[in-house]
Amino acid sequence: MDLAVLTATFKRNFIIQLRAYPKHFFVGNLLTGLYTAIYTFFMYHLFFRGNTKVSFANLTGTTDYMSFVIVGTAVYLYVVRTALNVSRSLITELREGTLESLMMAPFKRVQYFLGNMLQQVLTTSGEVLIMVLLSIPFGLRFSNFNLLSFLFSFIVSLYAFFSISILLACVMLYSRDTYISQNTLFALIFLLCGITFPIQYLPDWAQCIAKLIPVTDAVILIRNAVLLGNSIEMQFERLLYLVSISTFYTLIGFQLLRKIELIALEKIHG
């Protein structure tokens, strides 16, 4: 299989990451997750006085609120970094004046976006790993960690994040805007997808919207594997649902992208 486009995209982005972005960019992303862990620690011990309602344990299967939030925040960091940077790749090409030449080249869209995705996963994994290590003193525990289920859930979750990235790329390229679209989406994800609390606490209409966002089930899958030790068999239905909805979004995204690329090129000369 010829993976020249994927490899070239990965190398280019990695070189840009090392040379163009200073170290404080890495530190800034790391502190985002760490601040959440510290904020949760003080809120849990000072505001909740180290206790959670019975309903929380019934809905989540655990009373470990600290681990619940920290794992959710780690997943959220993956969502933000992958969805943001993968979706911005084409509009960045447009702003830099290289979109036309990219379209004229042997441009394999799947490989191009996968190259961006893999580079972001590698970078984000380093940040999340350090964040997790620094969060252990604040109460993060992996007493029921199921490695095989985690790896499988993690891979499927990355596929889900990739599907969101493609749809967001369509919105960004068509509107030529990154700030409003990305921040609106990430705010909705943080609020609706159970990052810091179970989605059952939301109104019924909000829960319906949350179920249509792949991040919701991705967070639950990883939490179940990390905190509860659920096996792949126990999560099979949720895994199947997540793969199905992510595939649906990916197919729609690539179909829309071809049309929006033409519109973007027309606007350049219009």
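Applying the condition of being touching a Gly at 6+ places or on another chain (Cβ under 7 Å) and outside any helix (DSSP H, G or I) to region 106-165 and asking which residue is modelled with the lowest pLDDT yields 144. Select from region 99-119 the residues that are polar (S, T, N, Q) and either within 19 Å of residue 170 (Cβ to Cβ) or in contact (Cβ under 8 Å) with a residue 12 or more places away in the chain (or both) and write down the one among them that is surrounded by the most Cβ atoms within 10 Å (Cβ to Cβ). Across region 99-119, the extreme among qualifying residues is 116. Of 63, 82, 92, 73, all but one fail to be of a type in the set (Ser, Thr, Tyr), outside any helix (DSSP H, G or I) and out of contact with any strand residue (DSSP E or B) (no Cβ under 8 Å at 6 or more places or on another chain); the exception is 63.
Under 24 Å from residue 229 (Cα atoms) and at pLDDT below 85, is that true of residue 47?
Criteria not met by residue 47.
Looking at region 229-265 only, could you name the residues that are within 23 Å of the chain's Cα centre (by Cα) and of a type in the set (Val, Ile, Thr)? Residues satisfying the conditions are 232, 243, 245, 247, 250, 252.
Checked against (1) under 19 Å from residue 79 (Cβ atoms); (2) among the charged types (D, E, K, R); (3) not in a helix (DSSP H, G or I), residue 177 passes all but a single condition, namely (1). Can you pull out the residues in region 181-200 that are part of a helix (DSSP H, G or I), in contact (Cβ under 8 Å) with a residue 60 or more places away in the chain and more than 20 Å from residue 86 (Cα to Cα)? 200, the sole residue that qualifies.
I need the full set of residues from region 44-60 which are assigned to a helix (DSSP H, G or I) and of a type in the set (Gly, Ala, Ser), in order please.
Here is the first cut: in region 44-60, the residues assigned to a helix (DSSP H, G or I) are 44-47, 54-60.
Across region 44-60, the qualifying residues are 55, 57.
Among the residues of region 61-80, at least one is among the acidic types (Asp, Glu), in contact (Cβ under 8 Å) with a residue 12 or more places away in the chain and surrounded by fewer than 23 Cβ atoms within 10 Å (Cβ to Cβ).
Restricting 179, 201 to those that are modelled with pLDDT of 90 or more and loosely packed, with under 14 Cβ neighbours inside 10 Å reduces the list to 201.
The values are calculated or read from the model by the stated rules, or taken from the named source; none is laboratory data. Computed from a predicted structure; not experimentally measured. Quick reminder, even Gly has a Cβ in these numbers, built from the backbone with ideal geometry, and neighbours come from all protein chains shown.
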